[in-house]
Structure formats: C-alpha cells, structure tokens
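Notes follow the structure.
Just so it is clear, none of the values below were taken in a lab; they were calculated from the coordinates. Because the structure is predicted, anything quoted here is derived from the model rather than measured.
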Amino acid sequence: MDDAKRELVHAWLIKADNDLTTAREIGAIPDGPLDTAIYHCQQAAEKAVKGFLAFHDHRLVRSHDVERLVELAEAYEPGFVRWEDAAITLTPYATAYRYIPANLPLWSRAVWNSTRLWSWQRAW
C-alpha cells in the first residue's frame, strides 16, 4: 500500500474512532444529550466502512447511507453481510437528530451496533 492510500485509510479510521469515543463519552453523561451520541454512532459506522472501501480502492461518493456502504463492502468481504441489520438501524441517525423534529426513538442498540461494527473493522 502506498503512503497516500495508507494516510487516507488511516484518516477514515481515526475519524471513526473519534466519533465512537465521542458517542461513548456523551452516552456516559447522566442525562446527557443522547441525540448527539446516537449521531456519532452513525458517523463512526459510516467512516469505518468508508475506510474499508478506501483500502480496496473503491471510489467513495458522498453518502450517509451505512446500509448502502455495507452492501458495497460485501463485494470485497462477504462477512459484511452480518452488519446489514446494524447498518439499517444506524443509517437514519445521520440526519434524524440533526434537525427538528426528531422522529426516531433513541435506541441504545445504536451504540452497541456501531461499537461492534467498528471493532470488527479494526480486525482487518
């Protein structure tokens, strides 16, 4: 892997790790802003998958659709199929709590899903 590619992949994964850290820290605050934590969970998953796709030289397009990104990743690693449900759950959180009115319930499994997806991503 050349240096430019290594830096690009590393940058995506660092951003994903930072988003997940932020989500965990916010989620640990009593009566903290869970809408913000959920948003960062979605962002962590999105950026982790984009890092994987960049590693495989996949041309990235601007998208917050984790479900679609996971489908693209499956072409390179069939094991991504196990993340389809998590991706479906996380995708709406890219915008749901960024604007008023928020129309999705806060769901603690979003943290669990993004944590597991990120952990799996780090293994490759």
Potential extension, E71-D2 segment - 0.36 nm per residue separation minus Cα distance: 22.2 nm
Contour excess over end-to-end distance, with Cα ends at D85 and H56 and 0.36 nm allotted per residue: 8.2 nm
